[in-house]
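Written below as structure tokens is the structure these notes are about.
The values are calculated or read from the model by the stated rules, or taken from the named source; none is laboratory data. If you're wondering where the values come from, they're calculated on a predicted model, not measured in any experiment. So basically every Cβ, Gly included, is an ideal-geometry build from the backbone, and we count neighbours across all protein chains shown.
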Amino acid sequence: MKFLAILPAAAIFAAPAVAGPYANIEANSKFSGSDYSKTVIDNHVGYEGKITDTAKYYVQGGPALVLKDGEPLTTELSGKAGVKVKLSEQVGIYKEIKFLTGAQSDYGIKAGVKYTF
């Protein structure tokens, strides 16, 4: 089962709505039960922009430090792109795609709904 760090994503969605360049460092660890397999630390530079008054996009990429259990550190290339749409004052949706290069390349799609109290 993959464990994705929730705190960095929460920080992104809580950030002020300013379009432009940004830096994002995020660590994601992977577990199967209690068996740890790896951590990937993304070191991204990105750009966020406005599509409409209620929709934004972002793209980011850069080197990723890959720490596999029992193996030496490697560096790969990783990136993400996504869209966030505010449906109301309290509800928003998002969709993201991501990739990681390397011998065992990785990719994923994430989607969700955020409700703010």
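Computed values, structure above
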item: Breaking point among (1) at pLDDT below 95; (2) of a type in the set (Val, Ile, Thr); (3) surrounded by 13 or more Cβ atoms within 10 Å (Cβ to Cβ), for Val59; result: (1)
item: Count of residues meeting criterion [free of Cβ contacts under 8 Å to residues at least 60 places away in the same chain, assigned to a strand (DSSP E or B) and on the phi < 0 side of the Ramachandran plot] in segment 62-87; result: 18
item: Selection from segment 84-117 of residues that are within 20 Å of Lys50 (Cβ to Cβ) and more than 11 Å from the chain's Cα centre (by Cα); result: Lys84, Val85, Lys86, Leu87, Ser88, Glu89, Val91, Gly92, Ile93, Tyr94, Lys114, Thr116
item: Residue in segment 85-103 that is surrounded by 14 or more Cβ atoms within 10 Å (Cβ to Cβ), touching a Leu at 6+ places or on another chain (Cβ under 9 Å) and charged (D, E, K, R) present; result: no
item: Segment 21-35, subset hydroxyl-bearing (Ser, Thr, Tyr) and exposed (fewer than 14 other Cβ atoms within 10 Å of the Cβ), residue nearest to Gly61 (Cα to Cα); result: Ser32
item: Leading residue by the ranking (farthest from the chain's Cα centre (by Cα)) among those in segment 72-83 that are surrounded by 10 or more Cβ atoms within 10 Å (Cβ to Cβ) and not β-branched (Val, Ile, Thr); result: Glu76
item: Among residues of segment 104-114, those that are in a strand (DSSP E or B) and surrounded by fewer than 14 Cβ atoms within 10 Å (Cβ to Cβ), counted; result: 7
